[in-house]
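Down below is the structure, laid out as structure tokens.
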Amino acid sequence: MADDVIAIAEPQAFSVNGAQLTPLTLNEKLFYLVTSETKGLILTNEKEQPVTTLAGHFAQSDVLVTDSGLIVAALNNDTYGVELFRYTFANHAFSPLTTVNAGTADLEAVCLSSVNDKLNLITADALGRMQQFWLEHDKNIAMRTVNVGTGQKNCQIDMMSGKVLLADENVGLWQYDNSVEAGDGRDLITLPDMAGIEGVGVFDGLTMLVSPDINAVGVLQDSTINWTTTNGDHKWETIRFTAYNENAIVGLYDDKTESLYTVRFALPAEAEPKVSTSARVDAYLIAFAQTDTVARFGDAADDPAIWYLPDSPEKSVILGTDKKGGLDLFDLSGKRLQHLPVGRVNNVDVRTHWQTKQGTFDIAAASNRTSRTVDIFLLDADTRTASTASKLRSNLNDLYGLCMYHSDKGELDVLVNDTDGHVERHRLTMQNGTITSRIMDTFTVPSQPEGCVADDETGMLYYGEEDEAVWIRDLNNIDATPRIIARVGGPIQDDIEGMSLFDVDGERYLIISSQGNHRYGVFSTKDHRLLGTFAIAADTDAGIDGVSETDGLESLSVSFGKRLPEGLLVVQDGHNVMPSQQQNFKLVSGSQLAEFIRQYR
């Protein structure tokens with residue numbers, strides 16, 4: 001640890017006893033909130049004189065500063081649950097907000113933030129489960145549960161990085177995604193000799209931590225911990241801090257003396273917090289419907305397509321791949337109309353009005369990883385059902401992404417790619433009622449591709465190299481050199497997944513799934529400029545959760561009737577929560593998407 005020591009600080013004993021000390025900067029004045037197992041919550045001024053007290057028995061707390069006062073979430077030592085209180089500057093008093101019960105396992109850590117004007121509460125219990133709640137309109141809505149392991153002693157939410165920080169007394173500091181739609185992926189920051197961490201504090205994107213095994217305060221910066229040694233013999237267990245008069249004002253609990261202390265020190269310039277550009281989002285859209293779930297848990301739902309029925313637009317159909325079991329068809333309310341158990345189909349696309357000598361057809365194509373074929377389906381508008389027409393052989397080893405191209409000459413192609421970067425272009429023909437194909441072109445992508453979309457009007461193919469970039473290729477000129485129009489980084493985070501086109505006021509835009517940060521990027525097809533990113537948030541009143549880790553998506557900018565006058569966006573939801581269920585697809589009004597584009601173009 002010696003190489004990382006940046007200063008030495010002198011702890012000052014705090015005159016009020018408790019289990020946790022939280023310094024607060026309120027209206028440019030310094031206050032302290034003492035959390036006590038015997039006296040409750042005590043708010044003091046800078047001189048450590050009590051301003052107000054709420055009787056109770058609380059082990060720890062977290063505080064959210066608002067324009068009118070404070071919101072405090074406190075662990076109740078008597079009930080082992082969480083109680084939330086509001087403190088207002090106007091009357092200098094605490095009032096109860098709500099309670100989150102512990103259930104059968106004691107709650108041992110709690111943290112609080114505000115997301116989209118909703119209170120976001122996270123708890124960790126004695127069984128090693130992290131639960132995330134949205135608190136609104138007198139409702140406590142359980143959003144997700146993650147098994148994090150036992151030993152979580154403290155919790156903080158860093159809104160600048162979008163991370164939940166859990167202090168693990170056994171191994172170190174865990175970092176989880178704060179999104180209620182996120183999975184259970186995590187990163188671990190360890191201390192020397194694998195010492196455990198019991199206290200963590202966050203303020204304006206900066207993180208501090210303490211361990212009873214290290215007599216110092218750690219400042220976390222880019223996964224490196226710089227230490228400020230504290231004089232004396234201490235076993236620090238909790239930490240909270242604020243910025244005041246260009247100093248860090250730190251509140252600490254020492255288990256050795258069972259006392260509270262403050263420490264003041266100047267932060268080094270390199271410890272200034274950094275905002276994660278990937279965490280920024282320009283807007284939130286809301287789904288109006290969701291489909292029935294796929295049959296099995298795990299990564300199953302993948303890619304949607306829209307089958308538009310011009311004679312009855314409101315009866316149009318959504319096709320969705322279930323890569324564990326087949327192809328599903330849904331109506332615009334999300335109800336399943338049909339399931340085809342055809343194997344592990346990964347991507348699907350639809351084209352209508354394909355004119356052949358045998359008639360005009362609506363067809364779908366899907367990449368089938370079970371049979372290593374391109375599966376062709378005939379779509380019957382009268383019954384709103386699909387039937388298998390052909391299984392086209394491919395030279396690819398692992399069929400993956402797929403999209404279709406219907407040229408202005410009436411030629412219909414299927415482009416299908418392999419996880420190794422190879423791409424085949426199949427030209428479809430119908431002879432004697434049988435659909436066949438020939439491979440008319442092949443090309444490669446430097447690394448794994450998947451999502452693609454073809455512009456039938458311009459002949460341009462947009463396709464993603466998942467970890468790297470978005471490419472464009474001229475399908476009408478196979479000798480033309482493809483080029484990169486966007487790269488991973490900043491607001492666009494790998495994997496680059498689903499792609500679609502959407503028209504607004506006569507202009508065309510490319511929509512892509514930025515899977516790594518649960519966002520969607522919108523690009524102009526004219527100059528390939530990124531207009532911005534949006535996410536899809538939950539509608540708790542309707543019981544529809546938000547969306548995360550989207551694989552495939554599809555959009556169509558035509559009227560589907562009075563409810564959807566400007567089109568439809570359909571996206572795969574990687575984590576179907578509220579409550580946790582198998583994956584499904586979410587439906588978003590094209591009017592919301594069009595409004596976003598008009599605002600940011």
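The values are calculated or read from the model by the stated rules, or taken from the named source; none is laboratory data. None of the values given here were measured: they were computed from a predicted structure. A quick note on method: Cβ atoms are made from the backbone with ideal geometry, for glycine too, and the neighbour counts reach across all protein chains shown.
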Pairing a residue in segment 355-380 that is touching a residue at least 60 places away in the same chain (Cβ under 8 Å) and under 15 Å from Q338 (Cβ atoms) with any residue that is small (G, A, S) and part of a strand (DSSP E or B), where Cβ atoms lie under 7 Å and the two sit 6 or more apart in sequence or on different chains, gives L379/A364; L379/A386
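If you check A305, A301, A289, which single one turns out to be of a type in the set (G, A, S), closer than 28 Å to G489 by Cβ, modelled with pLDDT of 95 or more and assigned by TED's automatic domain parsing to the domain that holds G498?
The unique qualifying residue is A301.
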Residues of segment 521-563 being within 15 Å of I511 (Cβ to Cβ) and of a type in the set (A, V, I, L, M), in sequence order, are V522, L530, L531, A535, I536, V547, L553, L556
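Could you check how many residues of segment 532-550 are part of a loop (DSSP other than H, G, I, E, B) and among the aliphatic types (A, V, I, L, M)? Explain how you work it out, then say what you get.
Initial filter on segment 532-550 (part of a loop (DSSP other than H, G, I, E, B)): 538, 540-543, 545-550.
Adding the requirement that they be among the aliphatic types (A, V, I, L, M) leaves 538, 542, 547.
Adding up the residues that qualify gives 3.
Could you identify the single residue in R344, R336 that is farther than 17 Å from S390 by Cβ, among the charged types (D, E, K, R) and in contact (Cβ under 8 Å) with a residue 40 or more places away in the chain?
Details: R344 fails: in contact (Cβ under 8 Å) with a residue 40 or more places away in the chain.
Just one listed residue meets the conditions, R336.
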When every residue in segment 66-99 that is surrounded by 14 or more Cβ atoms within 10 Å (Cβ to Cβ) and β-branched (V, I, T) is compared, the one nearest to N17 (Cα to Cα) is V72
A careful count of residues in segment 36-79 that are over 18 Å from L135 (Cα atoms), of a type in the set (S, T, Y) and modelled with pLDDT under 95 gives 1
Going through (1) modelled with pLDDT of 95 or more; (2) among the aliphatic types (A, V, I, L, M); (3) over 21 Å from Q60 (Cα atoms) one by one, A269 fails only at (1)
Taking segment 173-200 and the residues there that are at pLDDT 95 or above, of a type outside the set (A, V, I, L, M, F, W, C) and closer than 14 Å to S211 by Cβ, the one that is surrounded by the fewest Cβ atoms within 10 Å (Cβ to Cβ) would be E198
Residue hits (segment 114-143; within 17 Å of the chain's Cα centre (by Cα), modelled with pLDDT of 90 or more and not hydrophobic (A, V, I, L, M, F, W, C)) are S114, N120, Q131, Q132
Only one of (1) assigned to a strand (DSSP E or B); (2) of a type in the set (A, V, I, L, M); (3) in contact with a Pro (Cβ under 8 Å, 6 or more places away or on another chain) does not apply to V146, and that is (3)
Per the filter on segment 410-448, residues within 29 Å of Q358 (Cα to Cα), of a type in the set (D, E, K, R) and not in a strand (DSSP E or B) are E411
Within segment 555-601, the residues that are assigned to a helix (DSSP H, G or I) and either within 11 Å of Q290 (Cβ to Cβ) or basic (K, R) (or both) are R598
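Residues A93, A55: which one is among the hydrophobic types (A, V, I, L, M, F, W, C) and free of Cβ contacts under 8 Å to residues at least 24 places away in the same chain?
Working: A93 fails: free of Cβ contacts under 8 Å to residues at least 24 places away in the same chain.
So the residue among A93, A55 that is among the hydrophobic types (A, V, I, L, M, F, W, C) and free of Cβ contacts under 8 Å to residues at least 24 places away in the same chain is A55.
Which residues, taken from segment 465-477, are surrounded by 12 or more Cβ atoms within 10 Å (Cβ to Cβ) and not small (G, A, S)?
Within segment 465-477, the first condition is being surrounded by 12 or more Cβ atoms within 10 Å (Cβ to Cβ), and the residues that meet it are 465-476.
E465, E466, D467, E468, V470, W471, I472, R473, D474, L475, N476, listed by residue number.
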Residues of segment 129-148 being surrounded by 16 or more Cβ atoms within 10 Å (Cβ to Cβ), without any contact (Cβ under 8 Å) to a residue 60 or more places away in the chain and not β-branched (V, I, T), in sequence order, are R129, M130, Q131, Q132, F133, L135, N140
Within segment 531-563, of all residues that are surrounded by fewer than 19 Cβ atoms within 10 Å (Cβ to Cβ) and among the hydrophobic types (A, V, I, L, M, F, W, C), the one farthest from P449 (Cα to Cα) is A542
Residue hits (segment 144-171; at pLDDT below 95, in contact with a strand residue (DSSP E or B) (Cβ under 7 Å, 6 or more places away or on another chain) and within 22 Å of L70 (Cβ to Cβ)) are M159
